[in-house]
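**Student:** Following this message is one structure expressed as structure tokens.
The values are calculated or read from the model by the stated rules, or taken from the named source; none is laboratory data. Just so it is clear, the structure is predicted and the values come from calculations on it, not from any experiment. Here the Cβ is made from the backbone with ideal geometry for all residues, glycine too, and neighbour counts use every protein chain on show.
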Amino acid sequence: MKQIAVIGFGVVGGGVVSLVEENAAYIRAAVGDDVRVKYILDLRDFPDSPYRDRVIHDAGRIWDDPEIALVVETMGGVRPAAQFTLEALSRGKHVVTSNKELVAREGIALTREADAHGAAYLYEAAVGGGIPLLRPIRTALTGDRIESVCGILNGTTNYILTRMRDCGAAFGDALAEAQKLGYAERDPSADIDGLDAQRKMMILTAAVTGVLVGAEDVFTETTARLTVLDIDAAQRLGGAVRLIGMMRREGDGISVSVCPRIVPGTHPLSHVDDVYNGICVSSRLSGDVMFYGRGAGRFPTAGAVVSDVIAALSGACRYEANRVWSAPPAGFVRPFSELTGRMYVRIGGISPSQAAESASALFGDCAEVPGTPEGKTEFVTPAAPDGVLRQRLARMPGVTESAIRLL
Ligand code: HSE
């Protein structure tokens, strides 16, 4: 019998406990032994829960119990989750987590601690919810060289952008719906301002390269400024606005970004709607490989946690690549301002003819946008380094209502 403890009996932790109980037979078959939740650590009591007799409030009982082989950390946040994780790993107990913030922030120390004590530290549920993504990258795709990863990694913002497009919903109303459905983070600004997707890109990048970049290395832009006019403009350009995370190899280094982009209608990511996530992994031999599925929600995420529990207890995870992470060497992360791209721009507050004249003087030969609303000027810039585009934009007369990068 393998005994495990669950720390944090919230949405995901509760899902994990019920999945382990309900699917005991197939988990036993996969692990080669029975798996049972012995403790549930939480500050609260759960008098109505069928698992109330397993709820404890003293974390020390977990560390001191030699029967506990694995700890599931679904409490979220950095403190005290980091301390709890270190306590478990230092005693050789495996740790499985859905805690993106902790993995992205402390991943180097935690993967090293796990390695030093022969334990596994696994976090499949931290990226892409129920989509098997990190494990395929660290097993099935290791015979290939992954050149880039590009995807929609935040279900809440994708839900909001879809509702804005399909129902003309205002940003705030669509967010309230996503919160009601349980997709949003406790502090939804983590979703809206791109921090959740930023953390996921940091973890994905580390899964691909073994290097954990810092949050400051990821160019990150909020979705909060997007309006229904932007969504409409993207549709008139034949695409859709999506919050896109991107990691690309650039020579000996990489670039990493998270920002809203207009995705052309011919790209599969433009058709990823609602709470779904989609991730396109491009590699040298296989070309594009797409992953698609539910990126948030109780049971998709809990299912990913349970798959890690099985991988750790069966020993299967020993064969995964990039289990131990390092910090980026100097110059490894290329500045976003140097990367070339195009931008959709909307200007108000001056006459369209004056704005068009300034746009071509500053940017050169801009492409037109069909169906521009009365009194506005819209254009798509030619390709140029991002920093150059931003400098020129700052010199545009009138009011820059919108500037969205193209994929
Ligand atoms: N708030 C996250 C999202 C939850 O919307 O994607 C899943 O990580």
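**Student:** Is there any pair linking a residue in the range 253-281 that is at negative phi to one that is hydroxyl-bearing (Ser, Thr, Tyr) and part of a loop (DSSP other than H, G, I, E, B), with Cβ under 7 Å and at least six apart or on different chains, and which?
**Tutor:** What qualifies is Pro260/Thr223; Val275/Tyr183.
**Student:** Here's another thing I want to ask about it. Could you say which residue among Ala355, Ala394, Ala327 is among the small types (Gly, Ala, Ser) and touching a Ser or Thr at 6+ places or on another chain (Cβ under 6 Å)?
**Tutor:** Step by step, each of Ala355, Ala394, Ala327 is checked, and only Ala355 is among the small types (Gly, Ala, Ser) and touching a Ser or Thr at 6+ places or on another chain (Cβ under 6 Å).
**Student:** Looking for whichever is within 15 Å of the ligand (Cβ to nearest atom), within 25 Å of Ser307 (Cβ to Cβ), buried (at least 16 other Cβ atoms within 10 Å of the Cβ) and in contact (Cβ under 8 Å) with a residue 60 or more places away in the chain here; the options are Gly155, Gly194. Which one fits?
**Tutor:** Criteria check complete, one pass: Gly155.
**Student:** Hey, another quick one. Just checking: which of the strands (runs of 3 or more DSSP E) contained wholly in the range 301-406 hold 3 or more residues that are hydrophobic (A, V, I, L, M, F, W, C) and over 30 Å from Leu110 (Cα atoms)?
**Tutor:** Counting at least 3 such residues, we get 343-348, 399-406.
**Student:** How about the range 149-168: which of its residues are modelled with pLDDT of 90 or more and small (Gly, Ala, Ser)?
**Tutor:** Within the range 149-168, Gly151, Gly155 qualify.
**Student:** From (1) farther than 30 Å from Leu89 by Cβ; (2) more than 10 Å from the ligand (Cβ to nearest atom); (3) surrounded by 21 or more Cβ atoms within 10 Å (Cβ to Cβ), pick out the condition that doesn't hold for Ala120.
**Tutor:** Of the numbered conditions (1) farther than 30 Å from Leu89 by Cβ; (2) more than 10 Å from the ligand (Cβ to nearest atom); (3) surrounded by 21 or more Cβ atoms within 10 Å (Cβ to Cβ), the odd one out for Ala120 is (1).
**Student:** Given (1) surrounded by fewer than 22 Cβ atoms within 10 Å (Cβ to Cβ); (2) closer than 27 Å to Gly297 by Cβ; (3) of a type outside the set (Phe, Trp, Tyr), identify the lone condition not met by Thr85.
**Tutor:** Against the list (1) surrounded by fewer than 22 Cβ atoms within 10 Å (Cβ to Cβ); (2) closer than 27 Å to Gly297 by Cβ; (3) of a type outside the set (Phe, Trp, Tyr), Thr85 comes up short only on (1).
Here is a yes/no grid of residues against (1) within 16 Å of the ligand (Cβ to nearest atom); (2) among the aromatic types (Phe, Trp, Tyr); (3) out of contact with any His (no Cβ under 6 Å at 6 or more places or on another chain):
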residue: Thr223; (1), (2), (3): yes, no, yes
residue: Leu237; (1), (2), (3): no, no, yes
residue: Asp252; (1), (2), (3): no, no, yes
residue: Gly265; (1), (2), (3): no, no, yes
residue: Ser283; (1), (2), (3): no, no, yes
residue: Phe291; (1), (2), (3): yes, yes, yes
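**Student:** So, one more: Just to be sure, is Arg163 among the basic types (Lys, Arg), more than 11 Å from the ligand (Cβ to nearest atom) and farther than 24 Å from Asn322 by Cα?
**Tutor:** Criteria met by Arg163.
**Student:** How do the pairs read when you match residues in the range 128-146 that are without any contact (Cβ under 8 Å) to a residue 12 or more places away in the chain and assigned by TED's automatic domain parsing to the domain that holds Ser282 with residues anywhere that are within 16 Å of the ligand (Cβ to nearest atom) and not in a loop (DSSP other than H, G, I, E, B), using Cβ under 6 Å and keeping only pairs 6 or more apart or on different chains?
**Tutor:** none
**Student:** How about the range 143-200: which helices (runs of 4 or more DSSP H) wholly inside it have at least 2 residues that are closer than 14 Å to Gly129 by Cβ and not small (Gly, Ala, Ser)?
**Tutor:** Ranges flagged: 155-167.
**Student:** Moving to a separate point now. Would you please name the residue that is nearest to Val281 (Cα to Cα), looking only at residues in the range 166-191 that are of a type in the set (D, E, K, R) and more than 11 Å from the ligand (Cβ to nearest atom)?
**Tutor:** Asp166
**Student:** While we're here: Just wondering, is there one or more residues in the range 288-299 that are over 30 Å from Thr74 (Cα atoms), of a type in the set (A, V, I, L, M), assigned to a strand (DSSP E or B) and at pLDDT 95 or above?
**Tutor:** For the range 288-299, residues over 30 Å from Thr74 (Cα atoms), of a type in the set (A, V, I, L, M), assigned to a strand (DSSP E or B) and at pLDDT 95 or above: absent.
**Student:** In the range 206-228, what residues are surrounded by fewer than 19 Cβ atoms within 10 Å (Cβ to Cβ) and modelled with pLDDT under 95?
**Tutor:** Ala224, Arg225, Thr227, Val228
**Student:** I want to confirm something. Restricting to the range 267-281 and keeping residues that are assigned to a strand (DSSP E or B) and more than 16 Å from the ligand (Cβ to nearest atom), which single residue is surrounded by the fewest Cβ atoms within 10 Å (Cβ to Cβ)?
**Tutor:** Here the residue is Cys280.
**Student:** Could we say that Ala206 is more than 14 Å from the ligand (Cβ to nearest atom), closer than 30 Å to Val11 by Cβ and part of a helix (DSSP H, G or I) here?
**Tutor:** Yes, satisfied.
**Student:** In the range 6-29, what residues are in a helix (DSSP H, G or I) and aliphatic (A, V, I, L, M)?
**Tutor:** Val11, Val12, Val16, Val17, Leu19, Val20, Ala24, Ala25, Ile27, Ala29
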